[in-house]
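Okay, structure first, notes after.
Quick note: the coordinates plus some simple rules give every number you see, no bench work behind them. Bear in mind the structure is a predicted one, so any value in this text is a computation, not a measurement. So basically every Cβ, Gly included, is an ideal-geometry build from the backbone, and we count neighbours across all protein chains shown.
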Amino acid sequence: MTRCELATGMLTGYVAGELGPMEQAIVAEHLAECAGCQAELAREQKLRALMGDVPAYECPDELTAAITAAVDAEPAPRHHQRTRRFHSWSGTLAAASLVAAAVLLAVVLPRSEPLLDATAVSDPQPESTSWTQDELDRAREDAQWALAFTASIIDKAEKQTMADVMRRLQEETFSGFRGRSTPTSPGGQG
Amino acid sequence: MDRTTFNRVLTDQRHRVYSHAMQCLRDPDDAADVTQEAFLRLWRRGPDVDDERLAAWLTRVTHNLCIDHSRRAKTVRNRLGRPDPTALDELSTRPEQIDPAGDRRQEMLDALETLPAETRSIMLMHYYQGLKLREIADMLGKNVNSLKVRIHRARKALRDVLDETTVDAISAARRESG
C-alpha cells in the first residue's frame, strides 16, 4: 500500500477528528507534501459540508398521532403488566421449566440405565448404551444451557427473586453433577 | 419501557427517525411506514436502557427497516418502472428549509440514491447525523475498517455522480443562501 493509499484511506477519520494522535500526525505529514492528497482532502471536506446540507424532514403531526394511536391499540407488552405479575411469572416459569425438562429428558433418559444400574458397570457395556466423557459433558452443557436460559428469561421479566432461586438450583444441580463419578470409568461407582 | 418513557422518546426522536427514512427512501409513505414500525418495535421490545442507547437502538432499527423497504421498492420499480420524480414536490418540509439551494440539495439526494441502500444509510449516519465511525460500527455490529472501506468507495462513487462542476455549484449555492 502506497503512502497516498494509506492517507486517503484515513481521510474520513482525519477530517472527522477520529484518528489517534499517531495516525493524525502521519496523515498531516503526508498531506503537507502531497498535492494529490491535498486535493482529495478538499473533496472530502466539500462532501462533508454538502452532506450536512441534505434537507431535513419533520415528522408530520398526523404520523405522530397515528403512531400514538397504534401503540394505544397494542396490548401492553407483558413486562408492562405489573398487575398481572404473578400470572405472567408463572407462565414464564412453566415455559422455561418445559424447555429444561425437555432437554434433560432427551439427553438423560435414553442413557439412564447404565447410570442407575450399579451392577452393570462390572460387565462390559455395548458402546451405544454407555456414557462417554464427551456425552456426559454435552449433557451437562445442554442442561446448564437450559437452566441458564430459564434464569435469563426470568431476569428479563424482572423477577429477581425467582432468578436467584433458579441460579441456586443451577449451582446445586451442577455441583451434584460434578460430584457424580463417570459411569464408563471402571472404578466409577466408588 | 413504560408509556411515559416511550412518549418522551417519541417526542425527542420522531423527527430524526422520519428524516433519516425520508433521506434514505425519498418517499413520504415509505418513510411514514418505517417511522411507525420503528416506534412500534420500540414499544413492543425496546430495551430498558438510557436515552442515548435508546437513540442508538432506534437508529439501528430504522437503518434495517430502510434497507428492507429499499429492497422492496427496488423490486416494485423493476416491475413497474421508476416513480414520478415530481412526487418529491409533495414532501413535507419545514418552510424555512425551502431556500434557493433546494434544487442543489435535491441533487445531493439524487447522488445519494445511486448508492446501495445500506451504504446510503451509513453515509447519512456519518456525514449528516455526525455519528462517529466507531459508533456506527458498534451499532450495526460491523468492523470499523470495513466501514471505512465502504465509505471510501461511496465517496468515489459520489464523486463520479457529483462531478466537480456540480460540487462547486452546490457549494456556491450554499454560500449564497448562507
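Remarks
- At R0 = 41 Å, FRET efficiency that the Cβ-Cβ distance of A:GLN24 and B:LYS142 yields, to 0.05: 0.95
- Least to most buried among B:VAL17, A:VAL54 (fewest other Cβ within 10 Å first): A:VAL54, B:VAL17
- Averaged over the residues of peptide B:120-131, the number of Cβ atoms from other protein chains lying within 10 Å of each residue's Cβ is 3.
- Ordered by the count of other Cβ atoms within 10 Å of each Cβ, fewest first, A:THR64, B:THR4, B:THR62 give B:THR4, A:THR64, B:THR62.
- Counting 0.36 nm for each residue step from B:ARG8 to B:ASP48 and taking away their Cα separation leaves a gain of 13.0 nm.
- Net +/- balance of residues flanking B:ASN7 in space, Cβ distance below 13 Å, scoring K and R +1, D and E -1: -1
- Among B:LYS156, B:LYS148, sorting on how many other beta-carbon atoms sit within 10 Å of each Cβ, with the fewest leading, yields B:LYS156, B:LYS148.
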